[in-house]
1. For a test of the definition: using alpha carbon positions, the gyration tensor, and the 1.5 limit on a/c, classify segment 1-85 as rounded, prolate or oblate.
2. Let me know the whole percent of all Cα-Cα pairs from the chain that are separated by more than 21 Å.
3. Against the 2.2 N^0.38 Å scaling, with N counting residues, where does segment 39-111 land? I'd like the Cα-based Rg ratio to two decimal places.
4. Output the 0 to 90 degree angle, nearest 10, between the alpha-carbon long axis of helix 133-164 and the longest principal axis computed from the alpha carbons of the chain.
5. Any chance you could give the angle, 0 to 90 degrees and rounded to 10, that helix 11-125 forms with the longest Cα principal axis of the chain?
6. Could you work out [θ]222 nm for the chain from helices alone, using -39500 (n - 2.57) per DSSP H run of at least four and dividing by all its residues? Round to the nearest 500 deg cm²/dmol.
Amino acid sequence: MPEQDLRKLKRIELLEMMVNQAESVEALRKELDQEKEKAVSLGAQLDDKDTIIGQLKEKLDGKDEEMEKLKKAIAVIYNRMQKKLNEKDEIIESREQAIEQLQKVAKTYRAKLIDARTELVTLKENVMIQPSGSEQEQIAQAFENAKIAADKYLNEIRGKESGEE
């Protein structure tokens, strides 16, 4: 309002204007105080949140350290297990090789037994000297015992071969 208009106003009107402005100022101060209280309250809440965030961060850091330790422990255990598996694989491979060698030896021995049995039968049939009765019985019995033992051993080898295959 211009100064000339203010001079034309009566004192009562001026006082009313001042009272109205004072009331407005008071209302604005109250509103300002409320906003300040809200700001303080929000600041306290933010501080609480910051504290909680700090605590959570500490817990997470602790968990990260714990996870790192567990990762290292798992890596150690994994390496041990891998080493044991490799050792077992080597043992299995060496045993398989030993079994193959034993099978070869058994087949060779079996072939030799078959040859020996055949030779025994041939010898028995081609004995040139005619021994006396008791000697002839003893030789026949010896041949028969050798034949039975060879057959028994061959059957055992065949049983083992068929069981392994």
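Just so it is clear, none of the values below were taken in a lab; they were calculated from the coordinates. All of these numbers come straight from a predicted model, not from anything done at the bench.
1. Verdict is prolate for segment 1-85.
2. 79
3. 2.75
4. Taking the Cα atoms of the chain, the angle to 133-164 is about 20 degrees.
5. Result, in degrees: 0.
6. Result for the chain, helices only: -35000 deg cm²/dmol.
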